[in-house]
Amino acid sequence: MLSPHAVGPGRRLGLDEYVEDFGRYFWRSGSEGFWKLERQQTFREPGVESWEAFHKGRWDESLALIEGQRGHYEEYFRKISECGFSLHRVRCVEEPISPYLQWELHLLHLKFQCGEDTRVLAGDAIHRYEEQGVLSEIVVLGSSVMYEVLYDDDGELAGGIRFDDPQGIARCRRAIQEMHRSGEALDAFFRRQVVSLPPPAVTEGQQ
């Protein structure tokens, strides 16, 4: 099992402290890059316009708002490239695809087109890593800092646990990289499994 706690003791950060700490280290990811493992199938993202539209059942508006972010993400990934690092993500996907994840995959596909290196781990490919428990939500920034990202019971971001041991962080990064290599490129998965889905049956107050 990939567990950040195998690295050693971490330091719990509240939401504001986590956001500040993450922002401080993100742009210093360096040649090792940014590696993210996403396991949960449903989150809440209040304040994100396209999520708000999705959450209220306005699917076409949600997709239009995602597309409207293309210029922002093109500039964002240009800046990341100029800073000398890349973003890599493993997105675990269970089927049937949850309404939230259907929305997120459209957003991740836009990011993929703009430069994020995302691969999908699905079905048994997920479960082979979970013999001892469900995978954590993990973010590795370069070689010096890693977070277990924490969410509340409603799926809203609640903070994180920071880990600093370089050797332990390297082990976790290698494990995420292994998952990434074994996954399917997001673009191919999206064309095969997501494009043809009908709008998710979501009304306000549901996910």
- request: Work out from phi, with θ = phi - 60° and the Karplus expression 6.51 cos²θ - 1.76 cosθ + 1.60, the ³J(HN,Hα) of each residue of segment 116-124, listed in order in whole Hz, and give x for Gly and Pro.
  value: 7, 9, 10, 10, 9, 10, 10, x, 4
- line: Carbon/sulfur accessible area of segment 8-126, % of total, 1.4 Å probe, equals 47 percent
- line: quick note, the chain, DSSP beta bridge pairs, % antiparallel (nearest 5) is 65 percent
query: When only Cα pairs under 8 Å and 6 or more residues apart are kept, what is the percent relative contact order across segment 143-189?
result: 32 percent
- prompt: In debye, nearest 20: dipole of the chain around its Cα centre with unit charges on the Cβ of K, R (+) and D, E (-)?
  reply: 700 debye
query: What share of all Cα pairs of the chain, in percent, falls into each consecutive 10 Å distance bin?
result: 8, 32, 40, 18, 1
- line: Restricting to Cα pairs under 8 Å and 6 or more apart, the percent relative contact order of segment 2-112 works out to 37 percent
task: Note down the magnitude of the dipole of segment 119-190 about its Cα centre, charges +1 on Lys and Arg C-beta and -1 on Asp and Glu C-beta and zero elsewhere, to the nearest 20 debye.
output: 520 debye
field: For GLY33, distant residues with modelled amide H under 5 Å away
entry: SER86, GLY142
- line: With Cα coordinates, the longest principal axis of the chain makes an angle with the long axis of helix 166-182, in degrees rounded to 10, of 40 degrees
- prompt: Ordered by packing density, taken as the mean number of other Cβ atoms within 10 Å over each peptide's residues, highest first, how do 184-191, 17-24 rank?
  reply: 184-191, 17-24
- request: Any chance you could give the angle, 0 to 90 degrees and rounded to 10, that helix 15-26 forms with the longest Cα principal axis of the chain?
  value: 70 degrees
- request: Report relative contact order for the chain in percent, whole number only (criteria: Cα-Cα under 8 Å, sequence separation at least 6).
  value: 35 percent
- prompt: In deg cm²/dmol and to the nearest 500, what is the mean residue ellipticity at 222 nm of the chain if only DSSP H runs of at least 4 residues count, each as -39500 (n - 2.57), divided by the residue total?
  reply: -11500 deg cm²/dmol
- request: Kindly express, to the nearest 10 degrees and within the range 0 to 90, the angle between helix 99-114's C-alpha long axis and the longest C-alpha principal axis of the chain.
  value: 70 degrees
- request: Would you mind getting the accessible area per residue of segment 24-178, heavy atoms of the protein chains only, 1.4 Å probe, in Å²?
  value: 45 Å²
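Can you sort GLU137, GLU178 by 1.4 Å-probe accessible area, starting with the largest?
GLU178, GLU137
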message: For a test of the definition: using alpha carbon positions, the gyration tensor, and the 1.5 limit on a/c, classify segment 31-117 as rounded, prolate or oblate.
response: oblate
task: Sort ILE169, ILE161 from largest to smallest accessible area, using a 1.4 Å probe on the heavy atoms of the protein chains.
output: ILE161, ILE169
query: So how much slack lies between ALA170 and HIS127, counting 0.36 nm per residue of separation and subtracting their Cα-Cα distance, in nm?
result: 13.2 nm
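The values are calculated or read from the model by the stated rules, or taken from the named source; none is laboratory data. These numbers come from a predicted model, not from an experiment. Please note: Cβ atoms are built from the backbone with ideal geometry, for glycine as well, and neighbour counts cover all protein chains shown. Ligands, DNA and RNA are excluded from the accessible area calculation, which covers all protein heavy atoms including side chains. Shrake-Rupley method; radii C 1.70, N 1.55, O 1.52, S 1.80 Å.
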